[in-house]
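> This is the structure I want to talk about, given as structure tokens.
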Amino acid sequence: MDLRKSIPLKKIQEKVFWGERVGEEEALALFEVDLLTLGEWAHLKRTQLHPERLVTYVVDRNINYTNICISRCRFCAFYRDRSSPEGYVLDRERLGQKIEETLRLGGTQILLQGGLHPDLTLDFYEEMLRFIKRDHPIHIHGFSPPEIMHMSRMSGLSILEVLRRLISAGLDSIPGGGAEILVDRVRSLISPQKCGSEKWLEVMETAHGLGLKTTATMMFGHVESLADRVNHLLKIRTLQDRTGGFTAFIPWPFQPRHTRLGGKEVTAGDFEDCFRQC
């Protein structure tokens, strides 16, 4: 696919100026725009949607309650098998210490997530949430869709039932982890034992229906093509149209060191390898 012979960029610029949406082919063509120009167009779009000169942020801390995981994703250097001496599950004392440190530094939220542990029950997660809420005034942004799916399988309960129980125990919002690329061909290569793209989206839509806000992510720079990235973004946009439940989109580059997948590190502005793939 030769992106340089696709839709004229002037046409896309006009659509952005007039507040119109770009489609799939136009989104692909945007990868040939230089980064500064793309940033200028993105800023214009942001001011159209949010003319107020106000930017907000959250001070939070990532806390991984366990690194034991049965998914064994090829891009992951974090997980450990249950038998590994490096595997852990945080006890309540250590978890409490980490949250107190966050609060002392002005934090208002923790991002709580971990691996797909083969032994932890839904009761464990509920008790952990109740412990946090009982002793610490902090927002819990916790459990990615693959973790929710894992809890559903382990407990024999539906996604809806699992989410209701977690909310009742203290869950405030859900991070967008585990999305990687929402194209199952890609997922079968990098994370074949993790839930598919439709289940990821189902967890998020169910959460939005219960009033939970969530974020969305994309891990790029591994085996995906530019078309896969656009497909991913369109799926996120379609769900956002239905629910309005996403509060942020976080793209992050694949880190190949110490992973089974390996490869070359990329940056936010580095698309050379993906052009060759397309």
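Just so you know, all these numbers are worked out from the coordinates, no wet-lab data involved. Here the structure is a predicted model, which means the values were calculated and not measured. Quick reminder, even Gly has a Cβ in these numbers, built from the backbone with ideal geometry, and neighbours come from all protein chains shown.
> What does the charge add up to near L171, with Lys and Arg as +1, Asp and Glu as -1, over the other residues with Cβ less than 15 Å from its Cβ?
Computed value for this residue: -1.
> For the chain, what does the relative contact order come out to in percent, with C-alpha contacts under 8 Å and a separation of six or more?
Dividing the mean separation by the residue count of the chain yields 17 percent.
> Okay, next question. How far apart, in nm, are two points set 7 Å out from the Cα along the Cα-to-Cβ line at Q193 and at S168?
Placing both labels 7 Å along Cα→Cβ, they lie 3.1 nm apart.
> Follow-up question, since we're still on this one. How are the alpha carbon pair distances in the chain distributed across 5 Å bins from zero to the largest one, expressed in percent?
With 5 Å bins starting at 0, P(r) equals 1, 5, 11, 15, 17, 16, 14, 10, 6, 4, 2, 0.
> Calculate, for E20 and R242, the FRET efficiency according to 1/(1 + (r/R0)^6) with r their C-beta to C-beta distance and R0 30 Å; round to the nearest 0.05.
Between E20 and R242 the formula returns 0.90.
> Which peptide among 197-209, 151-163 comes first, and what is the full order, when sorted by highest mean count of other Cβ atoms within 10 Å?
Going by the mean number of other Cβ atoms within 10 Å, highest first, we get 197-209, 151-163.
> List, largest first, the extents of the alpha carbons of region 172-218 along their principal axes, each in whole Å.
Result for region 172-218: principal-axis Cα extents of 33, 15, 14 Å.
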